[in-house]
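Here is the structure we will look at.
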Amino acid sequence: MHLFSGHFPQWILNGQQMQPLSSDHVQRALEQEVIHLVGLCQSWLDKSQLVVLSPDYLEVRETLKKFCNQLQSLPANLEIEFFDQMLSKIPKKPHGSKKANKEMPPQVGEGFSNWKSGFEKSLQKLREDLLIWPRLQDLQGQYARVSQQVFERYLKWKTDEGQYQMQDLEILSFEALRLRPELAKKFSEDWDYWLIDEYQDTSPLQDQLIERLKGKSPAFYVGDPQQSIYLFRGSRFENFQEKEAEFKQRNYEVTQKDKHYRSRADLMHFFNDLFSFLDPRYMRMLPQRSSFDKSTDAIEICFFESESKSSEVAESPELLKIQQKLTALLTSGVPAREIAILARTSRQLRQVYDFLKAKSFPVQLQSNSVFETRREILDLGFLLRFFLNPHDNENLVALLRTPWFRIPDSALIEVSQLKQKSLWKALQDYEGLKGDSNLKQLQNLRKFLFERSIGEVLQRALSESGLLTWSRYIDSSGRREANIWKWLVNLKNSEKQPGFNYLQWLAEFQWDLDLEQEQQEGDAHSSLEPNRIQLMTVHASKGLEFEQVIVPFCGESRTPPHVNLLTVEEQGNLFSLKIREEESQKRVWTSWALKQD
């Protein structure tokens, strides 16, 4: 059973163990669902009041009114019998409903048919949920008991081994401040004013930490709920909305900045219309200048017929259209560096890149160029792991087979036959390698670890080993050298962060996937190849600006997001589980479970 994912779960948030959903919670949730269904009934009744109904539909309306009143008369406890009774009383369609529907406006005839179909399914789903509640209640009770035991052992192991991660420190810090509030008070006295930026990306736990640490000091919050992109890290844009509502209730100053300075006015009008249609919660932005050049089209939308599976992807109509558009842009004098092709996933980018590369377009792929599996990056990873643990025999063999610290295979075989647990110790004791320059260099570098940070020692190793110098000769474009510096700078910057862990950094940097679980770190930019069409993910393009942008594959459906079997409601200290249906064997949510989309 998957209990936790590498860090302390918020199992003890607010000093209380998370509890499974209770019967009271289920009853309240079911009541809310039924009230929602009553609203659907009332919606059709309201629409029917606006038109002259046929005798058949007049009878249906009166029956539905009575049904709606009965539905509103909820018993103290919702039982299976209540739902059976309601399902049997749902008004039926009029006799000869097809003919009757033709005589009525769509919102009445077709509207009733659609309402009845959806209503029956919803009511039936609530009935099924109530049937499986005893089984789910038992499962959640077992899970709570097992989880608490595992958590206690897991906590002890992490404490003994010093395996804290960043979120662990957040939770432990919160617990420390809860148990000793004077620590937070003392800390807050050292600060006169607080500025909290990117507030939309804070998690509920981080928000509570901020509130305790800042004390009564004045604070300035900045954020944009529409830019909340770190849901997978625990952030909730609802934090921002709740904080805004709290400030308004307290008559604090709240200013909304709705002017957009980056895009053309005609683009902004298009985005406002499009996203307002897709999501009613979208907040429209005003362009810096209301007027715009009507002589040129800001947006060109192309539609393509669905391609059969047998069609050649390499020559798809969409890719051919991209080729045609790029040819026209480059011919008209648009610099290649001012053109970007954005896609949601690296798989899509690779498809476009391979096609355009074959057509001799100057392209630069900024993602999924498997930065992590480049030879120079793998070699740096071997060296870093050696500094962290020289007794990792497998990693040491990989390091000693690189050109930079090479030990002859014959020597490695002879040493391995000594059957010592530590290959590193055996190499240093082996007479055949006394005076070996590469072995001596590694010994000296390890001595520097007592005086300098690992990042600084790695930089020294780059110079002494020749890895950096030879990279310039191996790759004249400069990309290989740029990759090395990108890796090293990232490491040295990360070393300065609180709670930094080298092994965790290696794991995250080596396989830094995007929200679609496909994008990987791209190559560093080559200084010798600046004038190229840039291909990158939408996520990676944030903050960048291009004169021309092409976004292909908009018609492809998104991969359904991974849904956890366990969800937690932090404010209510509740958790819920998915349960497997006995017939279909599918894992499903009940209607009243805690859902996190």
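What follows draws every value from the coordinates through simple rules; no lab data is involved. As the structure is a prediction and not an experimental result, all values here were calculated from the model. Cβ sites come from the backbone with ideal geometry, for glycine too, and all protein chains shown count toward neighbours.
Which value does Rg/Rh take for the stretch 20-141 over its C-alpha atoms, Rh per Kirkwood?
Details: Rg = 16.7 Å, Rh = 15.7 Å.
Here the Rg-to-Rh quotient is 1.06.
Between Glu451 and Trp157, what is the FRET efficiency for a Förster distance of 35 Å, r being their Cβ-Cβ separation, to the nearest 0.05?
Working: r = 32 Å, r/R0 = 0.92.
The computed FRET efficiency comes out at 0.65.
For a quick protection proxy, order the peptides 203-209, 480-486 by their average other-Cβ count within 10 Å, most packed first. Don't jump to the answer; show the numbers that get you there.
Details: 203-209: 18.3, 480-486: 20.1.
Highest to lowest by the protection proxy: 480-486, 203-209.
Provide the gained length on full extension for the span Gln49 to Ala76, in nm with one decimal, where the gain is 0.36 nm per separating residue minus the Cα-Cα distance.
Numbers: separation 27, 0.36 × 27 = 9.72 nm, distance 3.23 nm.
That works out to 6.5 nm of additional length.
Name the long-range amide H neighbours of Thr202: under 5 Å, sequence gap of 5 or more, or other chain; modelled H, no Pro or chain starts.
Residues meeting the amide H criterion: Arg236.
Want the number for Glu495 to Asp197: 0.36 nm per residue separation, take away the alpha-carbon distance, what's left?
Full extension from Glu495 to Asp197 adds 105.0 nm.
In nanometres, what is the gap between the two model label sites at Ala411 and Gln124, each 7 Å from Cα along Cα-to-Cβ?
Distance between the two pseudo-spin positions: 7.5 nm.
Got a sec? How would Cys68, Cys554 order by Cβ neighbour count within 10 Å, fewest to most? Kindly include the intermediate steps, with their values, before the conclusion.
Working: Cys68 18, Cys554 11.
Neighbour counts put them in this order, fewest first: Cys554, Cys68.
For Gln19, enumerate residues with amide H under 5 Å from its amide H, sequence gap 5+ or separate chain, H modeled in the peptide plane.
Long-range HN contacts for Gln19: Leu574, Phe575.
Packing-wise, with mean Cβ within 10 Å as the measure, how do 420-432, 241-253, 332-344 rank, highest first?
Numbers: 420-432: 15.4, 241-253: 11.8, 332-344: 17.7.
In decreasing order of mean packing, 420-432, 241-253, 332-344 become 332-344, 420-432, 241-253.
Determine ³J(HN,Hα), in whole Hz, for all residues of the stretch 417-425 in sequence, where each value follows from phi through the Karplus function 6.51 cos²θ - 1.76 cosθ + 1.60 and θ = phi - 60°; x replaces Gly and Pro.
6, 6, 6, 7, 5, 9, 5, 4, 5
For the stretch 215-223, what does the Karplus curve 6.51 cos²θ - 1.76 cosθ + 1.60, with θ = phi - 60°, yield as ³J(HN,Hα) per residue in whole Hz, taken in order and with x for Gly and Pro?
After applying 6.51 cos²θ - 1.76 cosθ + 1.60, I find x, 9, 5, x, 9, 10, 9, 10, x Hz.
Mind checking the full-extension length gain between Ser23 and Leu506? Use 0.36 nm per residue of separation minus the Cα-Cα distance, one decimal, nm. Display every interim value, and only then the final one.
Working: separation 483, 0.36 × 483 = 173.88 nm, distance 4.53 nm.
Length gained, Ser23 through Leu506: 169.4 nm.
Fewest to most neighbouring Cβ within 10 Å: what's the order for Ile196, Ile171, Ile35, Ile301? All intermediate terms of the calculation are to be shown ahead of the outcome.
Numbers: Ile196 16, Ile171 19, Ile35 12, Ile301 7.
If I rank by nearby Cβ atoms, fewest first, I get Ile301, Ile35, Ile196, Ile171.
Please list, ordered by chain and number, the residues whose modelled amide H lies under 5 Å from the amide H of Val549; skip anything fewer than 5 residues away on the same chain.
Amide H neighbours of Val549: Ala340.
Answer rounded, prolate or oblate for the stretch 180-259, using the Cα gyration tensor with square roots of eigenvalues a ≥ b ≥ c: rounded when a/c is under 1.5, else prolate when a/b is larger than b/c, else oblate.
Because a/c hits 1.5 or more and a/b fails to exceed b/c, the stretch 180-259 counts as oblate.
Among the lysines, which have Cα under 29 Å from the Cα of Lys65 when same-chain residues fewer than 8 positions away are ignored?
By straight Cα distance, Lys65 reaches Lys47, Lys89, Lys92, Lys93, Lys98, Lys99, Lys102, Lys116, Lys121, Lys125.
Mind giving me the FRET efficiency for Val538 and Leu286? R0 is 35 Å, r the Cβ-Cβ distance, nearest 0.05 is fine. Intermediate results must be reported in sequence, preceding the final value.
Values: r = 23 Å, r/R0 = 0.66.
After rounding, the FRET efficiency stands at 0.90.
Give the order of Val51, Val38 when sorted by the count of other beta carbons within 10 angstrom, beginning with the fewest. Before the final figure, lay out each step's value.
Working: Val51 12, Val38 16.
Exposure proxy ranking, most exposed first: Val51, Val38.
Taking R0 as 51 Å, what's the FRET efficiency between Ile299 and Ser88 from their Cβ-Cβ distance, rounded to 0.05? List each step's numbers first, then the result.
On the way: r = 53 Å, r/R0 = 1.05.
Working from the Cβ atoms, E equals 0.45.
For the stretch 406-490, just say rounded, prolate or oblate: build the C-alpha gyration tensor, square-root its eigenvalues into a ≥ b ≥ c, call rounded for a/c under 1.5, and beyond that prolate if a/b exceeds b/c, oblate if not.
Values: a/c = 2.69, a/b = 1.72, b/c = 1.57.
Here the stretch 406-490 falls in the prolate category.
How far apart, in nm, are two points set 7 Å out from the Cα along the Cα-to-Cβ line at Phe277 and at Leu179?
Simple spin-label model gives 5.7 nm for this pair.
Over 32 Å between Cα atoms: which of Lys440/Lys492; Lys257/Lys486; Lys216/Lys492; Lys186/Lys257; Lys216/Lys542 fall into that group?
Values: Lys440/Lys492 25 Å; Lys257/Lys486 35 Å; Lys216/Lys492 36 Å; Lys186/Lys257 35 Å; Lys216/Lys542 35 Å.
Among Lys440/Lys492; Lys257/Lys486; Lys216/Lys492; Lys186/Lys257; Lys216/Lys542, the Cα-Cα distance tops 32 Å for Lys257/Lys486; Lys216/Lys492; Lys186/Lys257; Lys216/Lys542.
Mind listing the phi-derived Karplus ³J(HN,Hα) values for the stretch 66-79, rounded to whole Hz, using 6.51, -1.76 and 1.60 with θ = phi - 60°, and x for any glycine or proline?
Result, rounded to whole Hz: 4, 4, 5, 5, 5, 5, 6, 7, 6, x, 4, 10, 7, 10.
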